[in-house]
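**Q** One structure coming up, written as structure tokens, with questions to follow.
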Amino acid sequence: MAEKLKIKLSIADRVYPLTINPDQEEGLRKAAKKIEVMIKQFEQSYAVRDKQDVLAMCALQFAAQVEQKTIDTNDDMVNVENRLNALSNILQDHLS
């Protein structure tokens with residue numbers, strides 16, 4: 001089993017020390033960087049004074065993206081299932 005890794009991530013001008021598995025480091029660092037970029041975009045686009053408001057909007061945007069991907073994946077699965085059923089019906093007709 002791999003040793004735990006201690007890292008520090010800076011988000012919204014705060015440092016968060018974390019103890020993680022080494023294979024999580026890249027994902028966490030990329031996520032922290034995306035949050036920082038999004039914070040800057042919100043601060044530039046809107047007159048937001050409170051970091052908590054900006055962080056809430058970031059959380060909402062990330063959660064909405066996850067939910068949309070789930071919806072899109074489910075739609076894709078339904079489409080694939082429908083196409084497979086149609087192909088199966090065509091094959092059954094030809095084999096009968």
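**Q** If you scan the stretch 11-49, which residues turn out to be farther than 20 Å from LEU60 by Cα and among the aromatic types (Phe, Trp, Tyr)?
**A** TYR16
**Q** What number goes with the only condition from (1) open to solvent by 100 Å² or more (accessible area, probe 1.4 Å); (2) in contact with a Pro (Cβ under 9 Å, 6 or more places away or on another chain) that LEU9 does not pass?
**A** (1)
**Q** Here is a list of conditions, (1) assigned to a helix (DSSP H, G or I); (2) surrounded by fewer than 10 Cβ atoms within 10 Å (Cβ to Cβ); (3) not small (Gly, Ala, Ser), and GLN65 meets all of them except one; can you say which number that is?
**A** Unmet for GLN65, out of (1) assigned to a helix (DSSP H, G or I); (2) surrounded by fewer than 10 Cβ atoms within 10 Å (Cβ to Cβ); (3) not small (Gly, Ala, Ser): (2).
**Q** Name the residues in the stretch 7-50 that are assigned to a loop (DSSP other than H, G, I, E, B), touching a residue at least 12 places away in the same chain (Cβ under 8 Å) and either touching a His at 6+ places or on another chain (Cβ under 7 Å) or acidic (Asp, Glu) (or both), would you?
**A** Residues of the stretch 7-50 assigned to a loop (DSSP other than H, G, I, E, B): 12-13, 21, 46-50.
Narrowing further to those that are touching a residue at least 12 places away in the same chain (Cβ under 8 Å): 12-13, 21.
ASP13 - this is the single residue of the stretch 7-50 that is assigned to a loop (DSSP other than H, G, I, E, B), touching a residue at least 12 places away in the same chain (Cβ under 8 Å) and either touching a His at 6+ places or on another chain (Cβ under 7 Å) or acidic (Asp, Glu) (or both).
**Q** List, please: which pairs have Cβ atoms under 8 Å, are six or more places apart or on different chains, and start with a residue in the stretch 80-96 that is surrounded by fewer than 10 Cβ atoms within 10 Å (Cβ to Cβ) and end with one that is at pLDDT below 90?
**A** Going by the 8 Å Cβ cut-off, there are no qualifying pairs.
**Q** Scanning the stretch 15-52 for residues that are at pLDDT below 95 and polar (S, T, N, Q), which turns out surrounded by the most Cβ atoms within 10 Å (Cβ to Cβ)?
**A** The qualifying residue surrounded by the most Cβ atoms within 10 Å (Cβ to Cβ) is GLN41.
The values are calculated or read from the model by the stated rules, or taken from the named source; none is laboratory data. These numbers were taken from a predicted model, which means no experiment stands behind them. Every residue, glycine as well, gets a Cβ built from its backbone with ideal geometry; the counts of neighbours run over all protein chains shown. With ligands, DNA and RNA removed, areas are computed over all heavy atoms of the protein, side chains included. Shrake-Rupley method; radii C 1.70, N 1.55, O 1.52, S 1.80 Å.
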